[in-house]
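The values are calculated or read from the model by the stated rules, or taken from the named source; none is laboratory data. Because the structure is predicted, anything quoted here is derived from the model rather than measured. Using ideal geometry, Cβ is built from the backbone for each residue, glycine included, and neighbour counts are taken over all protein chains shown.
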Amino acid sequence: MNRRYGLALIGILTSSSALATEPVQPIEPYQASNQAKVELGKKLYFDPRLSKSGFISCNSCHNLSMGGTDNMPTSIGHNWALGPINAPTVLNSSLNLAQFWDGRAKDLQEQAGGPIANPKEMGFSHSLAVNVLETIPGYKQAFQQVYTNDRIGIDQVTDAIAAFEETLVTPNAPFDQFLKGDESAISDTAKAGYARFKSVGCTACHNGQALGGNSFQKMGLVKPYKTDNAAAGLSAVTGKEIDRFKFKVPTLRNVELTYPYFHDGAVWSLEEAVDVMAELQLGQKLKQQEIGEIVAFLKTLTGDQPNFRLPQLPPSTNDTPRPDPG
Ligand code: HEC
Ligand code: HEC
């Protein structure tokens, strides 16, 4: 074997095995497969005509200019209804083992049908949403191109939205650059924070590419969490008492952008969220300085945000049902 090649190979092997021993892995950029489907899904994601009021789109509550969330404790939906739970980010949601805090949707396609028909979210129905799209020639054409059949189906709507959501990964965070070997990509404080994040045990639950999203864990494992929020967590899906108050561990990717925190949206600052986590999940009281280090680390998890031209939505026609805001 050529010596230079051999050395390069050893370099790759050692750096990737060093990576493999870390509890956190870098996020890889998305590779587009079906661009026409992604473009269609992007339009649907931004289209408020999928809601009864004609006013609320996916982007209303998962705003891609704000880390894929609404920065509200709980969302505002149809008729100004206050939702029951904090809106998680859509960024990197394709990495989740299931969707929703309690995991009741198995994947992004199944999830995407939920909000359209949820009376407190978009307040519409699947058949009415499809009726609207059917009257819009720009959509008819786009669906025909991607799915090659005559009538638009709700499964195609949710499939296209899911395809778009899969593109919403955020690679290239300073922390990923650091993981890949660029020592100067994050500050010494953030490095100390990462070391502490591991040593106190945060990585037991926040690990993998998304630092979360891959398990359900009890909120208040060591000490109970006090909240007025009624959400029961995983037990609402499994019916098992042992799953009470277990929630899907949220991703910590882009966490600097996705305040307020926790399923009830009760905590606005990262410092407080870290303090609560250490105490309730691990039974540890962290010092101010230690919290500051961990927060500095968490802020290095902000990756490349979605970057595309805003979609132009095809116009309604005289046949399109009118919005019903009331
Ligand atoms: C009125 C606000 C609102 C609208 C509109 C809305 N969502 Fe959500 N979304 C939420 C809330 C709140 C949750 C969490 C619900 C739960 O877990 O019970 C959620 C959860 C999700 C999740 C799961 C993320 C995770 O980590 O579990 C995804 C993905 C998602 N929404 C995508 C969408 C898409 C796609 C649309 C448009 C079809 C949409 N949402 C419309 C508020 C909204
Ligand atoms: C036993 C599992 C577990 C451990 C250990 C753990 N977490 Fe969590 N973490 C969770 C769960 C579950 C939630 C969601 C709780 C909720 O919303 O009710 C969460 C939420 C968070 C949030 C809020 C994210 C959001 O978007 O709402 C932050 C920040 C966080 N954890 C940081 C940490 C840090 C830092 C540590 C270590 C000090 C830690 N966690 C240890 C399970 C864990």
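Descriptive notes on the structure:
- Within the stretch 143-237, helices (runs of 4 or more DSSP H) holding 3 or more residues that are surrounded by fewer than 21 Cβ atoms within 10 Å (Cβ to Cβ), basic (Lys, Arg) and at pLDDT 95 or above: 188-200
- Total residues in the stretch 98-112, condition surrounded by fewer than 18 Cβ atoms within 10 Å (Cβ to Cβ) and not in a loop (DSSP other than H, G, I, E, B): 2
- Failed item, numbered, when Leu280 is tested on (1) part of a loop (DSSP other than H, G, I, E, B); (2) over 26 Å from Pro171 (Cα atoms): (1)
- Where a residue in the stretch 104-120 is in the same structural domain as Ser53 (by TED's automatic domain parsing) and its partner, wherever it lies, is assigned to a strand (DSSP E or B) and within 16 Å of ligand 2 (Cβ to nearest atom), with Cβ under 8 Å and at least six apart: Ala105/Gln99; Lys106/Gln99; Asp107/Gln99; Leu108/Gln99; Glu110/Gln99; Gln111/Gln99
- Boolean, Leu95 is buried (at least 20 other Cβ atoms within 10 Å of the Cβ) and touching a Lys or Arg at 6+ places or on another chain (Cβ under 9 Å): no
- Any hit, the stretch 3-25, residues being touching a helix residue (DSSP H, G or I) at 6+ places or on another chain (Cβ under 6 Å), at pLDDT 95 or above, over 26 Å from Val237 (Cβ atoms) and part of a loop (DSSP other than H, G, I, E, B): yes
- Reported count of residues in the stretch 121-167, each being of a type outside the set (Val, Ile, Thr), in contact (Cβ under 8 Å) with a residue 60 or more places away in the chain and within 30 Å of Ile27 (Cα to Cα), is 7.
- Residue list for the stretch 116-142, restricted to those being assigned to a loop (DSSP other than H, G, I, E, B), of a type in the set (Val, Ile, Thr) and surrounded by 17 or more Cβ atoms within 10 Å (Cβ to Cβ): Ile136
- Look at (1) within 8 Å of ligand 2 (Cβ to nearest atom); (2) surrounded by fewer than 20 Cβ atoms within 10 Å (Cβ to Cβ) and you find that Lys246 fails only one, number (2).
- Count - residues of the stretch 157-200 that are acidic (Asp, Glu) and in contact with a Phe, Trp or Tyr (Cβ under 9 Å, 6 or more places away or on another chain): 3
- Restricting the stretch 238-248 to residues that are part of a loop (DSSP other than H, G, I, E, B) and not basic (Lys, Arg) leaves a set whose member that is farthest from Ser94 (Cα to Cα) is Gly239.
- The residue list Arg309, Arg322, Arg253 contains one member that is surrounded by 15 or more Cβ atoms within 10 Å (Cβ to Cβ), among the basic types (Lys, Arg) and either outside the structural domain of Cys61 (by TED's automatic domain parsing) or not in a loop (DSSP other than H, G, I, E, B) (or both), which is Arg253.
- Evaluation of Thr74 against (1) in a loop (DSSP other than H, G, I, E, B); (2) more than 16 Å from ligand 2 (Cβ to nearest atom); (3) of a type outside the set (Gly, Ala, Ser) (one fails), failing number: (2)
- Listed by first and then second residue, the pairs linking a residue in the stretch 186-207 that is on the phi > 0 side of the Ramachandran plot to a residue that is hydrophobic (A, V, I, L, M, F, W, C), with Cβ atoms under 6 Å apart and 6 or more places separating them unless they lie on different chains, are Gly201/Leu282.
- Where Asn214 falls short, out of the listed (1) touching an Asp or Glu at 6+ places or on another chain (Cβ under 6 Å); (2) within 16 Å of ligand 1 (Cβ to nearest atom): (1)
- Val276 being of a type outside the set (Phe, Trp, Tyr) and touching a residue at least 40 places away in the same chain (Cβ under 8 Å): yes
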